[in-house]
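The values are calculated or read from the model by the stated rules, or taken from the named source; none is laboratory data. Note that the coordinates shown come from a computational prediction; the quantities given were computed from them, not determined experimentally. Cβ: placed from backbone, ideal geometry, glycine included. Neighbour counts: every protein chain shown. Side chains included, ligands, DNA and RNA excluded: accessible areas come from the protein's heavy atoms. Shrake-Rupley method; radii C 1.70, N 1.55, O 1.52, S 1.80 Å.
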Amino acid sequence: MTLQTVLLVAAALFSIGLYGAISQQVVVMVMMGLELMLNGVILAAAGFWWFLSPAPDGQVLLLVVITAMTVEMAMGFAVATLLHRSKQSDMTDMATDLAQ
């Protein structure tokens, strides 16, 4: 596997995630698109670190980023659950009502 292959897969993940985040109105689906976009960025960063400098420093940083991303997605699902419980809807246009 070459760096170009890894970057191609990362670009495909990012593109699919971008399409999913833009085209959907359900909060969970938008979050899934954002998750795919973040995974594409992480895969590209991991590919660069692996092929340019295989020292474990970059992999440790990526583990920290993945952990932070997991916490962020858990908070996003909590907001989506709150939205669904309070408004009985999970559409993104209803999320503006949470600011009041």
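Largest first and in whole Å, the equivalent-ellipsoid semi-axes of the chain read 33, 16, 7, each the square root of five times a Cα gyration tensor eigenvalue. When a/c reaches 1.5 or more, the comparison of a/b and b/c decides; with that in mind, is region 16-71 rounded, prolate or oblate per its Cα gyration tensor? Oblate.
Surface analysis of the chain yields an accessible area of 67 Å² per residue, using protein heavy atoms and a 1.4 Å probe. Please identify, among 58, 40, 17, the residue showing maximal mean-square fluctuation in a Gaussian network model of the chain using a 10 angstrom Cα cutoff. Answer for the Gaussian network model of the chain: 58.
Share of carbon and sulfur in the accessible area of the chain stands at 73%, probe radius 1.4 Å. A Förster radius of 30 Å, combined with the Cβ-Cβ distance separating residue 7 from residue 87, puts the computed FRET efficiency at roughly 0.15.
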